[in-house]
């Protein structure tokens, strides 16, 4: 039987009929390979959005395909009532990359941040502490706990009242953090680089000051590394890149991870520093799909590939080149871009015009970038992006910005 051709129009019509319109979608994609994707009509795009910092190895990477195929033939799911070896293997790998502690696996960044919030409340429960301080312009997810933690009013509109127990303070303002801590404070939760808030990195002084402050006040320092972690900056965690060369002894008490961890396959993790890894005992937290054999196999394949192909070094080099060339473009009198910031494969371009509108115009030229609010365009290429692909992206950006 002949199958009808897939067209953008037919797909859009089915979305309008059957899919909740909670996203302002644009292009209809049907396949991808490496750093490229193709739409339903066969047009090719260079993907510097990478699924919003998810596709660490690009599209259809053979290491991921192999892991998915082999593990799907062996064991896909057994539930967390049982053990399986890949769960512990991946947990060990993440602990070795981070520091002494333990791992809880879940499925998304929002779930990982929910676990951090529960960790903070469990930690403070014996002393009546439950409040979590977060930053303005932060983004921690769309569930009620993570949305309440988020410091952006626009995502909360029509969903109030939010959950109690959250206070928002200016980012990179240590004195504001010190003033905000009270008798009910259990933790401070920040991003190493605010992603949805505009690709704003923490300063070294802010990170070191928060660590000292949280230690002195006997509260937890928690970090949301959902977007900025997993080697995206050229080091495993963004705080490591921010503090590089500072000879700093820095370690948070909990870290949420997701996005690039599975390279496109849903998996998230929460690292909890010793001794807090034992706070969430049996019955206190759970997940149906967190850390399945299939998800762990893919995440291990992603980590193996990043290490084997030295992709942390690659994305650091490519990110430095992107920033240097864009800064030259600005100095040369660029029309629509006024600034650039970030690290490695997480770069924010400050633009004069509407970022969402510009992203559509740039996509029409064959390059995918991601807006962050109205004034920032994000470059989030895969970690294995090539010299040629960076050159092509720069050509398009310079001609349009």
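The values are calculated or read from the model by the stated rules, or taken from the named source; none is laboratory data. It should be emphasised that the depicted structure is a prediction, and the values quoted were computed from it without experimental measurement. Note that each Cβ is placed from the backbone with ideal geometry, even for glycine, and that neighbours are counted across all protein chains shown.
Of note:
- Taking (1) outside the structural domain of residue 12 (by TED's automatic domain parsing); (2) within 22 Å of the chain's Cα centre (by Cα); (3) crowded, with 17+ Cβ neighbours inside 10 Å in turn, residue 96 satisfies each apart from (3).
- Failed condition for residue 69, given (1) assigned by TED's automatic domain parsing to the domain that holds residue 179; (2) free of Cβ contacts under 8 Å to residues at least 12 places away in the same chain; (3) outside any loop (DSSP other than H, G, I, E, B): (1)
- Among residues of region 351-371, those that are under 23 Å from residue 59 (Cα atoms) and part of a strand (DSSP E or B), counted: 4
- The listed residue being assigned by TED's automatic domain parsing to the domain that holds residue 45 and in a helix (DSSP H, G or I), out of 348, 342, 333, 319: 319
To keep it simple, each residue is scored yes or no on (1) in contact with a helix residue (DSSP H, G or I) (Cβ under 8 Å, 6 or more places away or on another chain); (2) assigned to a helix (DSSP H, G or I); (3) at pLDDT 95 or above; (4) in the same structural domain as residue 191 (by TED's automatic domain parsing).
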position: 91; (1), (2), (3), (4): no, yes, yes, yes
position: 104; (1), (2), (3), (4): yes, no, yes, yes
position: 110; (1), (2), (3), (4): yes, yes, yes, yes
position: 113; (1), (2), (3), (4): yes, yes, yes, yes
position: 120; (1), (2), (3), (4): no, yes, yes, yes
position: 129; (1), (2), (3), (4): yes, no, yes, yes
position: 132; (1), (2), (3), (4): yes, no, yes, yes
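- For region 35-60, a residue qualifies if it is closer than 30 Å to residue 319 by Cβ, out of contact with any strand residue (DSSP E or B) (no Cβ under 7 Å at 6 or more places or on another chain) and either assigned to a loop (DSSP other than H, G, I, E, B) or assigned by TED's automatic domain parsing to the domain that holds residue 263 (or both), and the qualifying residues are 43, 54.
- Close pairs (6 angstrom Cβ cut-off, 6 or more residues apart or separate chains): free of Cβ contacts under 8 Å to residues at least 24 places away in the same chain in region 173-191, outside any strand (DSSP E or B) anywhere: 176/170
- Residue 299 satisfies every condition listed in (1) in a helix (DSSP H, G or I); (2) modelled with pLDDT under 95 except (2).
- Members of region 316-337 that are farther than 26 Å from residue 259 by Cα, without any contact (Cβ under 8 Å) to a residue 60 or more places away in the chain and surrounded by 13 or more Cβ atoms within 10 Å (Cβ to Cβ): 327, 330
- Scanning region 139-164 for residues that are in contact with a strand residue (DSSP E or B) (Cβ under 6 Å, 6 or more places away or on another chain) and touching a residue at least 40 places away in the same chain (Cβ under 8 Å) yields 140, 149, 151.
- Failed condition for residue 348, given (1) in contact with a strand residue (DSSP E or B) (Cβ under 6 Å, 6 or more places away or on another chain); (2) surrounded by fewer than 19 Cβ atoms within 10 Å (Cβ to Cβ): (2)
- Taking the listed residues 216, 196, 244, the one that is over 19 Å from the mean Cα position of the chain (by Cα), modelled with pLDDT of 95 or more and more than 23 Å from residue 274 (Cα to Cα) is 244, with no other qualifying.
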